[in-house]
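A quick write-up on the structure given underneath.
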Amino acid sequence: VWTPGRIEPYGPIALSPAAAVLSYGVGIFEGLKAFRREDGAVQIFRPDANAARFQRSAERLSMAPFPVGEFLSAVDRLVDANRRWVPPPGLGSFYIRPMQHGIEPRLGYGACRDLAVTMYGSPVGAVGSAADAIRLRAVERARVAPGGTGAAKAIGNYAGSVHVSGPARAQGFDDVLYLDARTLTYVTETSGANFFVVTRAGQLVTPPLDDQILAGVTRDSVLTVAREELGLDVQERPIAIEEVLGNAREAFCTGTAWTLKSVGEIAFRDRSVRLPGREVRDRLWEIIGGIQTGRRPDGRGWTRIVS
């Protein structure tokens with residue numbers, strides 16, 4: 001039974017020191033954005049997809065799934081209450097962070113019955129241009145364990161990445177690109193974004209969803225637009241790091257924060273490859289970014305106007 005939600009001023013939240021989220025990491029989160037259109041209206045991009053993934057993540061951690069209708073209503077109310085903080089068109093967006101945590105006090109691990117869903121938001125700047133390409137270092141490490149929670153947006157998936165990405169960032173890289181946990185051969189994703197390459201033959205390739213890959217909403221949007229509007233040869237298949245280094249002419253990452261972010265360089269061991277290509281990323285960004293901001297028509301029902 002979920003109690004009615006309420007809007008409160010931003011501030012600290014109270015938790016028992018024994019809350020399961022603190023000792024056992026029983027928690028998940030989401031990320032989505034609201035945009036101001038040229039006509040002044042505010043719209044949210046694909047909140048239903050985030051609501052569905054929120055449920056899948058909760059079930060993976062043995063938490064009761066939050067109803068989709070309640071999720072959408074809460075997001076609408078949050079954005080409406082903060083409407084003045086949604087940046088003007090082209091200058092950014094309003095980032096929304098839903099969370100679900102096990103708040104039940106526990107000294108032993110087990111499924112939690114007492115749960116809380118909390119959402120907050122913040123204005124964020126605009127996504128950089130294609131010229132603002134990032135640098136990635138591929139590491140012979142896995143982001144998550146095989147058979148673990150990699151397909152869920154669980155809080156524990158992210159804490160360990162700081163230790164791995166820290167040295168790479170100190171060397172001037174923006175993030176790391178992880179390899180698969182079973183063979184350390186195939187690329188998976190970065191600390192928080194899905195990964196795409198365009199091969200020299202023009203194929204758009206991304207690793208297939210499995211227990212190590214998060215089903216990104218932006219990832220799905222890219223695959224849909226690439227197939228249905230650009231007519232590209234799209235392949236969801238394992239792609240070895242050696243194939244990326246030797247056969248890619250373009251690479252980019254996708255996620256709510258980065259949307260579509262060009263990758264200008266990938267380093268692995270003592271080898272570094274530059275990827276100056278931007279064409280496919282730019283074509284995809286023009287369409288997806290246009291739908292997000294209302295500059296292009298939305299024929300798929302991906303956007304939701306906040307009344």
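Rundown of residues vs (1) over 19 Å from Ser57 (Cα atoms); (2) of a type in the set (Ser, Thr, Tyr); (3) open to solvent by 50 Å² or more (accessible area, probe 1.4 Å); (4) part of a loop (DSSP other than H, G, I, E, B), yes/no style:
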{"residue": "Met119", "(1), (2), (3), (4)": "no, no, no, no"}
{"residue": "Val127", "(1), (2), (3), (4)": "yes, no, no, yes"}
{"residue": "Leu136", "(1), (2), (3), (4)": "yes, no, no, no"}
{"residue": "Arg143", "(1), (2), (3), (4)": "no, no, no, yes"}
{"residue": "Pro146", "(1), (2), (3), (4)": "no, no, yes, yes"}
Give me the pairs, please: first residue somewhere in the range 89-100 and without any contact (Cβ under 8 Å) to a residue 60 or more places away in the chain and assigned to a loop (DSSP other than H, G, I, E, B), second residue anywhere and buried (at least 23 other Cβ atoms within 10 Å of the Cβ) and of a type in the set (Phe, Trp, Tyr), beta-carbon distance under 9 Å, and either six or more positions apart or on two chains. Gly92/Phe35
Flag for Ile287 being more than 18 Å from the chain's Cα centre (by Cα), hydrophobic (A, V, I, L, M, F, W, C), open to solvent by 50 Å² or more (accessible area, probe 1.4 Å) and closer than 27 Å to Arg83 by Cα: no
Pairs, please: C-beta under 6 Å, at least 6 apart or cross-chain, first residue within 30 Å of Pro47 (Cα to Cα) and in the range 255-269, second assigned to a strand (DSSP E or B) and small (Gly, Ala, Ser)? Val263/Ala251
Residue under evaluation Val273, criteria (1) without any contact (Cβ under 8 Å) to a residue 60 or more places away in the chain; (2) assigned to a strand (DSSP E or B); (3) open to solvent by less than 20 Å² (accessible area, probe 1.4 Å); (4) among the aliphatic types (A, V, I, L, M), criterion not met: (3)
What are the pairs with Cβ atoms under 6 angstrom where one residue, in the range 182-209, is in contact (Cβ under 8 Å) with a residue 60 or more places away in the chain and under 18 Å from Asp282 (Cβ atoms) and the other, located anywhere, is outside any loop (DSSP other than H, G, I, E, B) and open to solvent by 50 Å² or more (accessible area, probe 1.4 Å)? Sequence gap at least six, or different chains. Val198/Arg249
Could you list, in sequence order, the residues of the range 183-197 that are surrounded by fewer than 24 Cβ atoms within 10 Å (Cβ to Cβ) and not hydroxyl-bearing (Ser, Thr, Tyr)? Leu184, Gly192
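The values are calculated or read from the model by the stated rules, or taken from the named source; none is laboratory data. These numbers were taken from a predicted model, which means no experiment stands behind them. Glycine also receives a Cβ, built like all others from the backbone with ideal geometry; neighbour counts cover every protein chain displayed. With ligands, DNA and RNA removed, areas are computed over all heavy atoms of the protein, side chains included. Shrake-Rupley method; radii C 1.70, N 1.55, O 1.52, S 1.80 Å.
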